Amino acid sequence: MPTTTQQAEYEALIAERYGRPLAAILEEQHPPVADLHKERRRRLSPPSPVWRPSVPPEPDPRWAEHRAILEAAIQPRRRPSS
């Protein structure tokens, strides 16, 4: 129900210009809430994440050897002198 005369005139102008009431135009752009709820129920919910306990990895018994290999691999190489 319009609360003011100005709002009633506005709705009458829209009905005259577009051939249907403002409520019908707005409903076309935004479907009723009940339809949105139906659509939401139709969609599958995303799967819940799989919970895995965090188990720290066992320490590497040969970490010193592996570290030395890594350090040697990333050292800058000497350029041969010409």
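The values are calculated or read from the model by the stated rules, or taken from the named source; none is laboratory data. These figures come from a predicted structure and were not determined experimentally. All Cβ positions, glycine included, derive from the backbone under ideal geometry; neighbour counts span all protein chains shown. Ligands, DNA and RNA are excluded from the accessible area calculation, which covers all protein heavy atoms including side chains. Shrake-Rupley method; radii C 1.70, N 1.55, O 1.52, S 1.80 Å.
Please go through the range 36-55 and give me each residue that is open to solvent by 90 Å² or more (accessible area, probe 1.4 Å) and at pLDDT 75 or above, ordered by number.
PRO46, PRO47, SER48, PRO49, VAL50, TRP51, ARG52, SER54, VAL55
What pairs can you find where one residue is in the range 10-35 and surrounded by 11 or more Cβ atoms within 10 Å (Cβ to Cβ), the other is β-branched (Val, Ile, Thr) and at pLDDT 75 or above, and their Cβ atoms are less than 6 Å apart, with a gap of 6+ or different chains?
Cβ pairs passing all conditions: LEU22/ILE14.
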